[in-house]
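Novice: Handing you this structure, nothing more for now.
The values are calculated or read from the model by the stated rules, or taken from the named source; none is laboratory data. Computed from a predicted structure; not experimentally measured. We place every Cβ from the backbone using ideal geometry, glycine too, and count neighbours over all the protein chains shown. All accessible areas refer to the heavy atoms of the entire protein, side chains included, with ligands and DNA or RNA removed. Shrake-Rupley method; radii C 1.70, N 1.55, O 1.52, S 1.80 Å.
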Amino acid sequence: MNGADTAFVLISAALVMLMTPGLAFFYGGMVRVKSALNMLMMSFIALGISSVLYVLYGYSLAFSGDNAGLIGNLDLVGLKGIGAETLTGDDGIPVFAFVLFQMLFAVITPALISGALADRVKFSAWAVFVALWISLVYFPVAHWVWAEGGWLYELEVIDFAGGTAVHINAGVAALAAVLVVGKRIGFKKDPMRPHNLPLVVLGAALLWFGWFGFNAGSALAADGTAANMALNTQVGTAAAVLGWLVYERIRHGAFTTLGAASGAIAGLVAITPSGAHINALGAIVIGLVSGLVCSWAVSLKFKLGYDDSLDVVGVHLVGGLIGTLLVGFLATEGAGLTQFGKQALGAGSVMAFTFVTTWLLAKLIDLTMGFRAAEDDELAGVDQAYHAETAYDYSQAGRSSGGQHTEAATTGEQKKVDA
Amino acid sequence: MRLITAVIKPHRLDEVKDALQAFGVQGLTVTEASGYGRQRGHTEIYRGAEYTVDLVPKIRIEVLVEDEDAEQLLDVVVKAARTGKIGDGKVWTSPVETVVRVRTGDRGPEAV
């Protein structure tokens, strides 16, 4: 066993875990106050659902064996036969470390989709969607891209840390789901300003921090590849912040905080597939391009009329495509039209498969249990309808001092709670 | 008795408060308010989407005074609140029928 690599992957896994709460803050600050908790919960629930399903059958479907390059087998259901001493190779890391690291990718990928569906879906329907989507879409695509035998892996498509499997995948799924669920009431008419931009910046900062684990950790070794990836993660993200802000200043006349945070995420997304195969100068190019193009792409939803509420398409799909395609030309080894063609084929096939499967899945949920929140609930805010809570209680007048404390009353033990 | 109500720019609150105190006013009530006058609102930009924000933040001050002080206090508030720029707000007075001090039950000018 390689102790250094094991330590690095375990720490990276913990960093990736932090990205999902970070994403929850990033998205949560961007919605209106009446649905802030729901936005947090749509990410947080993925920590629950995906972690459990990954151990039960997700790891097996993604990484055990191969069937026609499309999906793994069920030999490792419940991690059967894997012990603390089971290694990935002679000088490898414990399989448990790899499982944990990969599990957290299966957590954040469906959570990314939630930003497109802000304010308006049933929480129970979302939970079912997460469970089915990772099973039918994420596990197969992860197999295609990362597992030995997976058809994109064998084709040598470059997707180091998940530009295709995570970001293009989630971005396309977001588009398909939005087309089924529909627009928020008042889209393009009512002002839908972010309710807490400092929370958005906090979320972006946590994502940036955790992304070092996501990207460098994907080397699965404490080596030069990991160091190159970590460096490019920083450089590419920095360039994307600058690109987004420059575009905004020219186009809209201000350097916005939301733009800086969004630029960081666009850069992180674009560097994810590419960072290990380019040098720092290539990272600057990919970062700048992603910042400039994504800041333009987020306006497309208004022109085309789909309500991708928090720009999952504009940032994750577009950013993922930029990184995935540009690495074809910027890779330090083997760059050229051949590699670009492989990259385009990989991205295109995932887009086609994911769009169709996700659309059908969302439609199925909508026809059976109903995906969309009731109109009254959406107008009043889904926080009340699904979570029975309020995000902030700053107002003296709004405190429920006259409310009934059912729990306290029945047990007779608790002191009067000032809720 | 009269009630002076002033809707002013938030950053002028301290000046108005100090001016009222210097005049001898014993107490006042401040509320965070929002609204617009002829200046309307401003524009905010979020990921390229521009929103016109009609209602801008204001501070509403209420002071109970005796009739003979009302005119002079009106001027004190106006002078302290003025920046000369658009959006400085409004001040007005209105008659008050009864005032009761909650702690003592005093009524009328005694309670002011």
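Novice: Taking the Cα centroid of segment A:115-141 and of segment B:1-75, what is the distance between the two, rounded to the nearest whole Å?
Specialist: 48
Novice: Starting from segment A:22-126, pick out the chymotrypsin sites (Phe, Trp or Tyr not before Pro) whose DSSP state is loop and whose Cβ has at most 15 other Cβ atoms within 10 Å.
Specialist: Working: sites: A:F25, A:F26, A:Y27, A:F44, A:Y54, A:Y57, A:Y59, A:F63, A:F96, A:F98, A:F101, A:F105, A:F123, A:W126; in loops: none.
Answer by residue number: there is no such site.
Novice: Pick from B:R60, B:R82, B:R38: which is most flexible by mean-square fluctuation in a GNM of chain B where alpha carbon atoms under 10 Å apart are linked?
Specialist: B:R38
Novice: Can I ask one more? Order these peptides, A:280-292, A:350-362, by their mean beta-carbon neighbour count within 10 angstrom, highest first. Present the calculation step by step, with values, prior to reporting the outcome.
Specialist: Details: A:280-292: 23.5, A:350-362: 19.2.
Descending packing order for the listed peptides: A:280-292, A:350-362.
Novice: Additional query: Report the semi-axes of the equivalent ellipsoid for chain B in whole Å, largest first, where each axis is √(5λ) for an eigenvalue λ of the Cα gyration tensor.
Specialist: Details: eigenvalues 211, 45, 27 Å².
So the three semi-axes of chain B are 32, 15, 12 Å.
Novice: For chain A, which whole-number percentage of the solvent-accessible area (1.4 Å probe, protein heavy atoms only) is attributable to carbon and sulfur atoms? Walk me through the numbers before you get to the answer.
Specialist: Details: 10770 of 16590 Å².
About 65 percent, which is the carbon plus sulfur part of the accessible surface.
Novice: Still on this structure, I have one more. If you place +1 on the Cβ of every Lys and Arg and -1 on the Cβ of every Asp and Glu, how big does the dipole about the Cα centre of segment A:3-376 come out, in debye to the nearest 20? List each step's numbers first, then the result.
Specialist: Working: 17 positive and 21 negative charges, 350 e Å.
For this selection, approximately 1680 debye.
Novice: Normalised by the empirical 2.2 N^0.38 Å for globular proteins, what value does the Cα Rg of segment A:151-236 take? Walk me through the intermediate numbers first.
Specialist: Working: Rg = 17.8 Å, N = 86, 2.2 N^0.38 = 12.0 Å.
That ratio works out to 1.49.
Novice: Follow-up. How large is the Rg to Rh ratio of segment A:3-376 when both quantities use alpha carbon positions and Rh follows Kirkwood? Could you put the intermediate results ahead of the total?
Specialist: On the way: Rg = 19.2 Å, Rh = 20.3 Å.
Result: Rg/Rh = 0.95.
Novice: Relative to the present Cα-Cα distance, how much length would full extension add between A:F329 and A:I11 at 0.36 nm per residue of separation?
Specialist: 111.3 nm
Novice: Let me ask you something else. What total accessible surface area, summed over both chains, is buried at the interface between chains B and A, computed with a 1.4 Å probe and given in Å² to the nearest 100? Write down the numbers at each step before the final one.
Specialist: On the way: alone 7720 and 17120 Å², together 23720 Å².
The B and A chains share an interface burying roughly 1100 Å².
Novice: Here are some pairs, A:K34/B:K90; A:K342/A:K363; B:K17/B:K90; A:K188/B:K58; which of them have Cα atoms lying more than 22 Å apart in this structure? Before the final figure, lay out each step's value.
Specialist: Working: A:K34/B:K90 32 Å; A:K342/A:K363 32 Å; B:K17/B:K90 16 Å; A:K188/B:K58 28 Å.
Distance filter (> 22 Å) returns A:K34/B:K90; A:K342/A:K363; A:K188/B:K58.
Novice: With each label point set 7 Å from Cα along the Cα-Cβ vector, what nm distance links B:A49 and A:L304?
Specialist: 1.6
Novice: Among the residues of segment A:164-200, which ones have their accessible area go down by 10 Å² or more when all the protein chains sit together, as opposed to their chain alone (1.4 Å probe)?
Specialist: Buried-area filter returns A:P191, A:M192, A:R193, A:P194, A:L197.
Novice: OK, next. Tell me which of B:V25, B:Y36, B:T83 sits at the most positive position along the dipole axis of chain B, charges placed on C-beta atoms (Lys, Arg +1; Asp, Glu -1).
Specialist: After comparing all options, I get B:Y36.
Novice: What distance in nm separates the simple spin-label points at A:E389 and A:N279, each placed 7 Å from Cα in the Cβ direction?
Specialist: Each label point is offset 7 Å from its Cα along the Cβ direction, giving 5.0 nm.
Novice: What average count of beta carbons from other chains do you get within 10 Å of the Cβ of residues in B:41-53? Spell out each step's value before the answer.
Specialist: Details: counts 0, 0, 3, 5, 8, 13, 18, 15, 9, 3, 4, 1, 2.
For this peptide, the per-residue mean of nearby foreign Cβ atoms is 6.
Novice: For chain A, with a Gaussian network of springs between Cα atoms less than 10 Å apart, report the residue from A:D91, A:D66, A:D393 with the top mean-square fluctuation.
Specialist: A:D393
Novice: Rounded, prolate or oblate: which one fits segment A:241-353, using the alpha carbon gyration tensor with axes a ≥ b ≥ c (rounded when a/c is under 1.5, else prolate when a/b beats b/c, else oblate)? Don't skip to the end; give the middle numbers.
Specialist: Details: a/c = 2.57, a/b = 1.40, b/c = 1.84.
Note, shape of segment A:241-353 comes out oblate.
Novice: Any idea how far apart A:R193 and A:L179 come out in nm if each label point goes 7 Å out from Cα toward Cβ?
Specialist: 3.4
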